[in-house]
Each structure stands twice: as structure tokens, then as C-alpha cells.
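Worksheet: the structure to be examined is printed underneath.
Taken together, the values in this text are just the output of simple stated rules run on the coordinates, not laboratory data. Computed from a prediction, not measured in an experiment: that's the story for all the values here. Virtual Cβ from ideal backbone geometry, glycine too; neighbours counted across all protein chains shown.
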Amino acid sequence: MVRGYRTFKEFQESGEGIATNILTDRLKTLEASGIIRAEREESDGRRVNYRLTEKGIDLAPVLLELLIWGAHHEVGGEGCTLILKMEKNREQLLKEVRRRWKERDSTPLIPRFDAKTARALEKAGGKNGA
């Protein structure tokens with residue numbers, strides 16, 4: 001929702017360190033719950049993009065509050081600073097999330113971190129879970 005990940009590979013390389021089988025199971029569970037929808041990419045039918053449903057996008061206020069809570073209780077990090085700035089503009093941010101969802105705009109709201117960046121952040125003093 002906030003980092004703009006759409007494919008299995010992007011989720012896998014996000015730096016969270018989640019095992020492939022666990023990620024597969026979670027994506028299936030989210031799809032079965034109606035929170036995401038798997039769509040074949042038009043240009044390459046072998047590639048699947050995961051997209052939030054309206055039910056999933058309705059979780060934005062809840063997820064934003066969890067991100068803010070985490071930023072208040074986390075040790076530093078670039079993502080935390082950005083989320084604390086987002087806290088001051090909740091309503092505007094939630095409108096932007098919904099606009100991007102409707103327009104299928106996958107531009108991330110916060111920077112994407114690859115596994116290498118995530119490891120560097122952990123060594124610097126805390127895991128960035130935003």
C-alpha cells in the first residue's frame with residue numbers, strides 16, 4: 001500500500017526476510033479474504049501483479065496508524081522520520097492513497113528498501129519495519 005510493491009519478486013526482495021512459502025501462503029490468504037486480487041499482467045501473461053481491492057484499501061487508515069505507532073517506538077531510520085511527517089497530514093495522505101489506488105498509480109508513498117538496505121539499517125541500530 002505505501003511502498004508500491006506489486007509482484008511476488010518485489011515482495012520477496014523487500015528486505016523483510018520472509019520465506020518464499022510463507023509469502024505465498026500470506027498472498028493466498030489475503031486474496032481469499034478479498035483484500036488483494038491477483039491479476040495477470042497484460043504485457044506478460046506469466047507475470048502476476050497483486051492489487052488491493054476496495055476492501056483492502058479501506059484498511060489504509062488502520063495501517064497508517066500502525067505505521068505511525070511503529071515509528072514512535074522504533075530506533076531511528078529514514079522511513080520512521082518520513083512516517084512521523086505523514087502523521088501530521090493523515091487526511092491528505094489517505095486521500096492520496098485512495099487516489100493512487102483508483103488511478104492504478106503504483107508510485108510508492110515511502111521509499112522502497114531492498115534486502116541490502118534493510119540489512120544496513122539493522123546494523124545501524126534498528127530494523128525499519130515501515
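Odds and ends about this structure:
- Relative to its Kirkwood radius, the Cα radius of gyration of the range 59-104 gives an Rg/Rh of 1.02.
- Taking the fewest neighbouring Cβ atoms within 10 Å as the starting point, the ordered list for Val48, Val62, Val97 is Val62, Val48, Val97.
- Applying both filters, DSSP loop and at most 14 other Cβ atoms within 10 Å, to the GluC sites (Glu not before Pro) of the range 39-74 gives Glu41, Glu42.
- Between Arg26 and Trp69, the contour length at 0.36 nm per residue exceeds the Cα-Cα span by 13.2 nm.
- Pairwise label distance in nanometres, Glu87 with Ala38, each label 7 Å out on the Cα-Cβ vector: 3.8
- With neighbours defined as other Cβ atoms within 10 Å of a residue's Cβ, the residues Trp69, Trp101 order from fewest to most as Trp69, Trp101.
- Residue order, fewest to most surrounding Cβ atoms within 10 angstrom, among Ser14, Ser33: Ser33, Ser14
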